[in-house]
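Peer 1: My structure is below; once you've seen it, I'll send some questions.
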Amino acid sequence: MLKNPAEKYIPFVPIQMERRTWPDKQITAPPVWCSVDLRDGNQALIDPMNVEEKLELFHTLVDIGVKEIEVGFPSASETEFQFFRTLIEGGHIPDDVTIQMLVQARPHLIQRTFEAMAGAKNVILHFYNSTSTLQRKVVFHTDMEGVTQIAVDAARLIRALSEPIIRSGTNLRYQYSPESFMGTEMDNAVYICQRVLEELGATPENKVILNLPSTVENCMPNYFADEIEYFINKLPSRDCAVISLHPHNDRGEGVATAELGMLAGAERIEATLFGNGERTGNVDMITLAMNMYTQGVDPGLDFSDINHIRTVYERCTKMKVGERQPYAGELVFTAFSGSHQDAINKGVQYRKENRSPLWEIPYLPIDPADVGRQYEPIIRINSQSGKGGAAFVMQQSFGYDLPKAMHAEFGHIVQVETDRVGTELQPQRIFELFQHAYVDISSPYTLLRHAFQETADAQGRSHVVFRGTLRHKETVFEVCGEGNGPIDAFFNAIHGQKMDRFTFVDYKEHAIQAGSDSMAVAYIQLRDAQGQDIFGVGVDHNINLAPLRGILSAINRAVTAKQ
Ligand code: KIV
Ligand code: ZN
């Protein structure tokens, strides 16, 4: 790289704006969406899609709710031409979907494009030529009049060829792109677009789409927004045009460019799924739409099953969606950091306790469920995870709502395991650690048999008698006790036994659904003679028995730990 890049690179010269209004605006409604996946996206693939793949992606775009789809470049090759015929003749295009056909502003290509559209219900004929200062200088060796003439001649031809097709019943609209608009002098862009509008006979009832591409993204999004606002203000026939953007992503700012461009007045966006397209791609339709969604604006597109869309996209294009791709990547709903995990945990709890419909969860800008993703993989437990992470997994994946006081102890058990294996732990392994540490503990004390007898007095106060047979190593012994509930009766029953040296601190019980079965889980907190707290967990179909198993679990854990 150069020490002084200014020796080689010419900085973008922004237009001078005295007043701009776009910074004070907000996006409150979605744009008209146009997908260019099958054209810009396809032309940029190492292996362009075959007919089946194009069809599958077309139907996926329709299912998402895209109503304008640029299908290709029919005059570019026989394959492209035939694909249009397959779509039209095969009845693949719903009545409310418009197919868009791209063509350069060249007479023989325009002619061929009209042949491809026969029989289509709704068509946008999209023609373009390049207008930027750079392209005029190094590619076309012509001035602004030259490129304007090309566009105007094409518009005239298009209008002439349109009559029979419109008479045959096709709803035909026009779109013109001054290609490389971002690098065009704005007064020149206004001039050529106005001439095209006039030549096409645009009216407020029959608007023409003016698509303003950042063919190569070579300025900051705020400069681009200035361009759009300037262009719109200066265009004499503004009311006869739909202002559309076609952002590429060379600076990685395609989404910002589209967003600021909308603030500046753009009404339509050409985009692709996952930002596929030439070089660094086109603007990503999903990010743009979901960004609106997180601000409470319905984007009018449905990404409820983002994994399915990703699978279809990857299969058809043979491209890979990155793990950190917004809203869709493998890792975007995963918190590795312990403090993030704790905050997410608290957010979920807060939302539950307040029965709030609002999404106020730190570190998660969107509810993963809204795009068909699950809570389960949100937290991955690795050596960086905090104490709440493991408890969160137990709750989200298995329905165990551990008491707060137990989080640190269980978190520590999981941490020891992550340090041991050196990799992250999957939820199933965390469950196994929980079972092993708290539930599958039946020695040295085992409950062999038991019976409860419950009566209630005239005031409804309950009285429970517990009788049980316990084994301690080789010794089997009987216990019996009474109390105002099962836990009380059990503690009275073991009074005088060795296990008597624990006091009861706290207890929590809830139901969990295991398949079609409902089980009760009880978390018991006991304190030993040294003031040390110990937890136990009991799981049983019987809600009276679950806490007793929890008490024995805690006692067995304490005794085993001392040995
Ligand atoms: O990037 C671009 O300018 C294009 C045009 C054909 C609209 O793809
Ligand atoms: Zn493009």
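The values are calculated or read from the model by the stated rules, or taken from the named source; none is laboratory data. Bear in mind that the values here come from a model prediction, so they are computed numbers and not experimental data. Counting neighbours? That spans all protein chains shown, and the Cβs are built from the backbone with ideal geometry, glycine included. For accessibility, only protein heavy atoms count, side chains too; no ligands or nucleic acids. Shrake-Rupley method; radii C 1.70, N 1.55, O 1.52, S 1.80 Å.
Peer 1: Residues that are modelled with pLDDT of 90 or more, over 30 Å from Phe303 (Cβ atoms) and open to solvent by 20 Å² or more (accessible area, probe 1.4 Å): does the range 390-403 have at least one?
Peer 2: yes
Okay, residues lined up against (1) closer than 20 Å to Pro365 by Cα; (2) touching a Pro at 6+ places or on another chain (Cβ under 7 Å):
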position: Val255; (1), (2): yes, no
position: Ala264; (1), (2): no, no
position: Glu267; (1), (2): no, yes
position: Asn276; (1), (2): no, no
position: Thr280; (1), (2): no, no
position: Thr287; (1), (2): yes, yes
position: Met292; (1), (2): yes, yes
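Peer 1: Which residues, taken from the range 420-448, are open to solvent by 20 Å² or more (accessible area, probe 1.4 Å), assigned to a helix (DSSP H, G or I) and among the β-branched types (Val, Ile, Thr)?
Peer 2: Within the range 420-448, Val421, Val439 qualify.
Peer 1: When both residues are 6+ apart or on different chains and their Cβ atoms are under 8 Å apart, which pairs have a first residue that lies in the range 206-231 and is small (Gly, Ala, Ser), and a second that is within 12 Å of ligand 1 (Cβ to nearest atom)?
Peer 2: Ser214/Phe181; Ser214/Met182; Ser214/Leu245; Ser214/His246; Ser214/Pro247; Ser214/His248; Ser214/Gly254
Peer 1: Now for a different question. How many of the residues making up the range 276-316 are within 16 Å of ligand 2 (Cβ to nearest atom) and among the hydroxyl-bearing types (Ser, Thr, Tyr)? Explain how you work it out, then say what you get.
Peer 2: We begin by selecting, within the range 276-316, every residue within 16 Å of ligand 2 (Cβ to nearest atom); these are 276-285, 288.
Still in the running and among the hydroxyl-bearing types (Ser, Thr, Tyr): 280.
Of the residues in the range 276-316, 1 are within 16 Å of ligand 2 (Cβ to nearest atom) and among the hydroxyl-bearing types (Ser, Thr, Tyr).
Peer 1: Any residue at all in the range 254-262 that's open to solvent by 10 Å² or more (accessible area, probe 1.4 Å) and within 15 Å of ligand 1 (Cβ to nearest atom)?
Peer 2: Looking only at the range 254-262, we keep the residues that are open to solvent by 10 Å² or more (accessible area, probe 1.4 Å), and these are 255-256, 259-260, 262.
Still in the running and within 15 Å of ligand 1 (Cβ to nearest atom): none.
Within the range 254-262 (the criterion being open to solvent by 10 Å² or more (accessible area, probe 1.4 Å) and within 15 Å of ligand 1 (Cβ to nearest atom)), the answer is no, since none of the residues qualifies.
Peer 1: Ok, one more. Select from the range 1-58 the residues that are without any contact (Cβ under 8 Å) to a residue 40 or more places away in the chain and of a type in the set (D, E, K, R) and list them in ascending order.
Peer 2: Lys3, Glu7, Lys8, Glu18, Arg19, Asp24, Glu52
Peer 1: Somewhere in the range 233-252, is a residue in contact with a helix residue (DSSP H, G or I) (Cβ under 8 Å, 6 or more places away or on another chain), open to solvent by 10 Å² or more (accessible area, probe 1.4 Å) and within 18 Å of Thr28 (Cβ to Cβ)?
Peer 2: The answer is no, given that none of the residues of the range 233-252 is in contact with a helix residue (DSSP H, G or I) (Cβ under 8 Å, 6 or more places away or on another chain), open to solvent by 10 Å² or more (accessible area, probe 1.4 Å) and within 18 Å of Thr28 (Cβ to Cβ).
Peer 1: Quick check, is Leu157 over 24 Å from Lys234 (Cβ atoms) and either within 16 Å of ligand 1 (Cβ to nearest atom) or open to solvent by less than 70 Å² (accessible area, probe 1.4 Å) (or both)? Please lay out each step first, then the result.
Peer 2: Details: over 24 Å from Lys234 (Cβ atoms): yes; either within 16 Å of ligand 1 (Cβ to nearest atom) or open to solvent by less than 70 Å² (accessible area, probe 1.4 Å) (or both): yes.
The answer is yes for Leu157.
Peer 1: Still on this structure, I have one more. Out of Phe231, Phe224, I need the residue that is within 16 Å of ligand 2 (Cβ to nearest atom) and within 36 Å of the chain's Cα centre (by Cα). Which one? Reasoning before the result, please.
Peer 2: Values: Phe231 fails: within 16 Å of ligand 2 (Cβ to nearest atom).
The unique qualifying residue is Phe224.
Peer 1: Right, here's the next one. Across the range 176-211, what is the number of residues that are part of a strand (DSSP E or B), open to solvent by less than 20 Å² (accessible area, probe 1.4 Å) and in contact with a helix residue (DSSP H, G or I) (Cβ under 8 Å, 6 or more places away or on another chain)? Write out each step before concluding.
Peer 2: Of all residues in the range 176-211, those part of a strand (DSSP E or B) come to 176-179, 208-211.
Narrowing the set further to residues that are open to solvent by less than 20 Å² (accessible area, probe 1.4 Å) leaves 176-178, 208-211.
Checking which are in contact with a helix residue (DSSP H, G or I) (Cβ under 8 Å, 6 or more places away or on another chain) leaves us with 176, 178, 208, 210.
Final tally of qualifying residues: 4.
Peer 1: Moving on. Which helices (runs of 4 or more DSSP H) does the range 266-382 wholly contain that include 1 or more residues that are more than 16 Å from ligand 1 (Cβ to nearest atom) and touching a strand residue (DSSP E or B) at 6+ places or on another chain (Cβ under 7 Å)? Break it down into steps so the answer makes sense when it comes.
Peer 2: Details: elements: 285-294, 306-317, 338-353.
It comes to 285-294, 338-353.
Peer 1: Of the numbered conditions (1) within 16 Å of ligand 1 (Cβ to nearest atom); (2) more than 18 Å from Gln104 (Cβ to Cβ); (3) open to solvent by less than 30 Å² (accessible area, probe 1.4 Å), Thr133 satisfies every one except a single condition; which is it?
Peer 2: With (1) within 16 Å of ligand 1 (Cβ to nearest atom); (2) more than 18 Å from Gln104 (Cβ to Cβ); (3) open to solvent by less than 30 Å² (accessible area, probe 1.4 Å) applied to Thr133, the lone miss is (3).
Peer 1: Return the total of residues in the range 253-275 being at positive phi and either touching a Lys or Arg at 6+ places or on another chain (Cβ under 6 Å) or within 16 Å of ligand 2 (Cβ to nearest atom) (or both). Step through it out loud before you land on a result.
Peer 2: First, pick out the residues of the range 253-275 that are at positive phi: 265, 274-275.
Subset that is either touching a Lys or Arg at 6+ places or on another chain (Cβ under 6 Å) or within 16 Å of ligand 2 (Cβ to nearest atom) (or both): 274-275.
Qualifying residue count, the range 253-275: 2.
Peer 1: Could you go through the range 161-175 and let me know if any residue there is touching a residue at least 40 places away in the same chain (Cβ under 8 Å), part of a strand (DSSP E or B), open to solvent by less than 10 Å² (accessible area, probe 1.4 Å) and within 16 Å of ligand 2 (Cβ to nearest atom).
Peer 2: Yes, the range 161-175 contains at least one residue that is touching a residue at least 40 places away in the same chain (Cβ under 8 Å), part of a strand (DSSP E or B), open to solvent by less than 10 Å² (accessible area, probe 1.4 Å) and within 16 Å of ligand 2 (Cβ to nearest atom).
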